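**Q** One structure is given below, represented as C-alpha cells, and several questions about it will come after.
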Amino acid sequence: MSNFLYIIMVGLPARGKSTLAWKLYESLKRDGIKVKIFNNGYLRRKLSKENTSYPEFFNPTNKQSAALREKYAMLNLKRAKKFIEQYSTQNRVAILDATNVSLERRKK
C-alpha cells in the first residue's frame, strides 16, 4: 500500500516558504520518497509571455493580474494532483510552494 501527502506552504512573501520547501524536499528524497515541489512563481515566470515581476502585478485590486495568478495556481494544483496519481504505487509528496494567503485559495 502506498501513501501520499500534499504539503501546502502558506505565508507572506520572503518568509522562508521556498527554503523550507527545499529542505523538506531534500530530506524526503534522501529517505527514498518520491517528492516534487510545485512553485507558483516559477511556473508563472516560465509560462507568462509578459513581465510579471513588478509590484502592480501583485496588487489585489488589479483584476487582470489576479486572474492570471489564480490561473497559474490552479494549473500548479492540477500538476501536483497528476504527480500524485502518476506515482500511485509509491509513497509520494507534493509540495505546493506559494503564498496561498487568501482563504479562497486555501479552500481550493
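**Q** What do you reckon, is residue 31 at pLDDT 90 or above, surrounded by 11 or more Cβ atoms within 10 Å (Cβ to Cβ) and among the acidic types (Asp, Glu)?
**A** no
**Q** Of the residues in region 17-28, how many are open to solvent by 100 Å² or more (accessible area, probe 1.4 Å) and either more than 15 Å from residue 98 (Cβ to Cβ) or not in a helix (DSSP H, G or I) (or both)?
**A** Result for region 17-28: 1.
**Q** Give region 34-72 a look and list any residue that's part of a loop (DSSP other than H, G, I, E, B) and either open to solvent by 40 Å² or more (accessible area, probe 1.4 Å) or in contact with a Ser or Thr (Cβ under 9 Å, 6 or more places away or on another chain) (or both), or say none.
**A** 49, 50, 51, 52, 53, 54, 59, 60, 61
**Q** In region 67-107, what residues are in contact (Cβ under 8 Å) with a residue 40 or more places away in the chain and under 13 Å from residue 8 (Cα atoms)?
**A** 80, 93, 94, 95, 96, 97, 98, 99, 100, 101, 106
**Q** Here are some residues: 21, 94, 67, 73. Which one is over 30 Å from residue 3 (Cβ atoms) and at pLDDT 85 or above?
**A** After ruling out the rest, the residue left standing is 67.
**Q** With the structure loaded, tell me whether residue 11 is surrounded by fewer than 15 Cβ atoms within 10 Å (Cβ to Cβ) and either under 10 Å from residue 98 (Cβ atoms) or touching a Cys at 6+ places or on another chain (Cβ under 9 Å) (or both) or whether it fails that test.
**A** Spelling it out, residue 11 is indeed surrounded by fewer than 15 Cβ atoms within 10 Å (Cβ to Cβ) and either under 10 Å from residue 98 (Cβ atoms) or touching a Cys at 6+ places or on another chain (Cβ under 9 Å) (or both).
**Q** Given the structure, is residue 84 outside any loop (DSSP other than H, G, I, E, B), β-branched (Val, Ile, Thr) and under 18 Å from residue 105 (Cα atoms)?
**A** no
**Q** If the Cβ limit is 8 Å and pairs must be 6+ apart or interchain, which residue in region 1-15 that is over 13 Å from residue 35 (Cα atoms) pairs with which residue that is of a type in the set (Gly, Ala, Ser) and surrounded by 14 or more Cβ atoms within 10 Å (Cβ to Cβ)?
**A** Correct list of pairs: 9/18; 9/21; 9/98.
**Q** Could you list, in sequence order, the residues of region 76-91 that are modelled with pLDDT of 90 or more and not small (Gly, Ala, Ser)?
**A** Across region 76-91, the qualifying residues are 76, 77, 78, 79, 81, 82, 83, 84, 85, 86, 91.
The values are calculated or read from the model by the stated rules, or taken from the named source; none is laboratory data. Computed from a predicted model, the values in this text were never measured in an experiment. Positions of Cβ are generated from backbone atoms using ideal geometry, with glycine treated the same way; all protein chains shown enter the neighbour counts. The area values use the complete protein model at the heavy-atom level, side chains included, leaving out ligands, DNA and RNA. Shrake-Rupley method; radii C 1.70, N 1.55, O 1.52, S 1.80 Å.
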